[in-house]
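Everything on this sheet refers to the single structure shown next.
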């Protein structure tokens, strides 16, 4: 079943077409990787889907329901969670409080909200850091915090913007495992990634963008062999 | 489930250290006993002013400290509260105990009407807009004949002490207890608020509105809710102050100084912390009152110079306010490393 359908989505900033007629679909339970060089329009696409930026034209359907024009809070309420490229933790609050803000969406009782937040913090492997303020956490830990916070609203679809960006090499495998674990838990994922090895490893399908245009869409193998993608982004990619 | 998770879930929700609870209970008992321990009229007045300003600062703390919107016109809600009780008593003889609630409701309505357009603004723009709103209330009331225009309202004095009319002429002690009870109720309610779903969501709006939106939080609505709660906390202090001095006019109860002093108290004590306004009021109000005693009149503006000096020191060395000297695990949350 299709969880997300994006049809002819366009957005221009002045003369620059950040997204131009982008269309794609996401199957429930799958991972869609979004790739493209800097300025390709990947984060703008996330902002358009989640209502942070209004599209000039096009449609976004979530389980066949058109969500175009809804505000970000209403879109998240429908079950679309997201993380941000530039991390946005609630810095002066503890990790537990950050996640509780999300878990309050489904749990009205404070004790239940706290316990649920703790389960999610345990899921992202940060249980020992639960009482640390967000500003005290490392970049990798803050990435996990954002994932935990987004998971706390119990999303059906999770949009993750560069989960492994800006973290050290040792942290990356743990984050990749976390994405796989998330998929196993039944959450559909759309993830922007620059690390091509990771995107090939975790994605069921890949959407490649360049200068606001969709240049390819397909399985990792198809993308790997797509001349346009190779020319504009992959270069001499070595699948091994 | 693993052991670490089970241990975490077994922790109490909040710091329930019996020593802290006993300390707070002891202070409350002491506050109730204080007038009977030989406090003279001046000290009763000083305590009343501390209670009043602590509540006013707490009101400002809800909008600025919890939801991150800097309002510079909060004195307007103090004035609305003051005029509500005085006007309905003067015109219709309605007991201030009833019209206090009129003040709360009027302030809430005013906050909605002001908040809906103003809270679309953010940061400095919102602050400047509220400053002008505060001033415009003063100007409107100066020209509004129904409420006495510039000369204000003189509350008819009862022949003796009257709980019904909330007037006490022989001793300040009843006023002390009235202000104390309002102070305790307000601080208790705000303490509850800070630990509620609403409190969590307001802090999310304060810390990062964009991230808050991604967690199903309607940022605009929550800002308005905070503004309304804040206004409704401020109004009763205006009402009680009007009953305390029995004469109000626009220059006194809509003065911009009211908006500034609540800001100073909160920043000094600790913005965003439930106990910050109390600490700030307990320090700044005695400075203000003593400078008036020793320097006469308005304190020769020495109190303002001292405020400025203290504020500069706080901003440079303790941006989280004096409350930051108290370890967080004592007042706010249990922190385990």
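Laboratory data are not the source of any read-out in this text; all were calculated from the coordinates shown. Predicted, not measured: the structure shown is a model, and the values here were computed from it. In this analysis, Cβ positions are derived from the backbone assuming ideal geometry, glycine residues included, and neighbour counts consider all displayed protein chains.
Placing dummy labels 7 Å off each Cα toward the beta-carbon, the span from residue B:136 to residue B:320 is 3.8 nm. Per residue, the convex hull spanned by the Cα atoms of the protein assembly as shown measures out at 177 cubic angstrom.
Counting only DSSP beta bridges with both residues in chain A, the antiparallel share comes to about 55 percent.
Provide the percentage of antiparallel DSSP beta bridges, counting only those with both residues in the protein assembly as shown; round to the nearest 5. Could the numbers behind the result be given before it?
Values: 24 of 41 bridges.
Around 60 percent of the beta bridges assigned by DSSP in the protein assembly as shown are antiparallel ones.
May I ask you to give the average projected area over all directions of the convex hull of the Cα atoms of chain A, in nm² rounded to one decimal? Walk me through the intermediate numbers first.
Values: hull surface 51.8 nm².
Orientation-averaged projected area of the Cα hull: 12.9 nm².
Taking the longest Cα principal axis of chain B as reference, the axis of helix B:302-317 is set at about 10 degrees. Nearest 10 degrees, 0 to 90: what angle lies between the long axis of helix B:219-245 and the longest principal axis of chain B (Cα atoms)? Around 40 degrees separate the two axes.
Against the longest alpha carbon principal axis of chain B, how many degrees, from 0 to 90 and to the nearest 10, is the axis of helix B:96-118 turned? Once rounded, the angle reads 60 degrees.
What's the FRET efficiency of residue B:256 with residue A:71 using the Cβ-Cβ distance as r and R₀ = 41 Å, to the nearest 0.05?
Values: r = 36 Å, r/R0 = 0.87.
FRET efficiency, residue B:256 to residue A:71: 0.70.
Which residue fluctuates most in the GNM of chain B (Cα springs below 10 Å): B:327, B:277, B:156? The residue that fluctuates most here is B:327. So if I take the centroid of the Cα atoms in the stretch B:6-85 and the same for the stretch A:129-180, what is the distance between those two points in Å? Between the Cα centre of the stretch B:6-85 and that of the stretch A:129-180, the gap is 38 Å.
Among B:175, B:290, A:217, which comes first, second and so on when ranked by fewest other beta-carbon atoms within 10 Å?
Values: B:175 21, B:290 14, A:217 18.
Lowest count first: B:290, A:217, B:175.
Among the residues of A:46-54, the average count of other protein chain beta-carbon atoms within 10 Å of the residue beta-carbon is 1. Helix content alone sets the calculated 222 nm mean residue ellipticity of chain B: runs of n ≥ 4 DSSP H residues at -39500 (n - 2.57) each, divided across all residues, give -22000 deg cm²/dmol. Counted over the stretch B:17-331 with a bin width of 10 Å, the fraction of Cα pairs per bin, in whole percents, is 6, 26, 36, 24, 7, 1, 0.
The relative contact order of the stretch B:17-331 comes to 31 percent, based on Cα pairs under 8 Å that sit 6 or more residues apart. Note on the stretch A:24-82 and the stretch B:176-221: Cα centroid distance 31 Å, given to the nearest whole angstrom. Summary value for chain A: 26 percent relative contact order, contacts being C-alpha pairs under 8 angstrom separated by 6+ residues. Taking packing as the residue-averaged number of other Cβ atoms within 10 angstrom, the listed peptides A:42-49, B:121-128 run from highest to lowest as A:42-49, B:121-128. What do you get for Rg/Rh of the stretch B:42-175 when both radii come from the Cα atoms and Rh is the Kirkwood radius? When Rh is taken as the Kirkwood radius, the ratio is 1.01. Taking the helices alone, chain A has a mean residue ellipticity at 222 nm of -9000 deg cm²/dmol, built from -39,500 (n - 2.57) per DSSP H run of at least 4 residues and averaged over all its residues.
Give me a single rounded figure for A:64-77: the average over its residues of other chain Cβ atoms within 10 Å of their Cβ.
Numbers: counts 0, 0, 0, 0, 0, 0, 0, 4, 9, 11, 3, 3, 6, 4.
Across the residues of A:64-77, the mean count of other-chain Cβ atoms within 10 Å is 3.
The mean number of partner chain beta-carbon atoms within 10 angstrom of a residue's beta-carbon across peptide B:257-267 is 0. Considering only B:255, B:221, B:61, the mean-square fluctuation computed in a Gaussian network model of chain B, springs between alpha carbons under 10 angstrom, is largest for B:221. Relative contact order of the stretch A:22-89: 22 percent, from C-alpha pairs under 8 Å at least 6 residues apart in sequence. Segment residue B:125..residue B:9, full-extension length gain: 37.4 nm, with 0.36 nm per residue of separation and the alpha-carbon distance subtracted. Computed over chain B with a Gaussian network model linking Cα atoms closer than 10 Å, the most mobile of B:226, B:64, B:33 is B:33.
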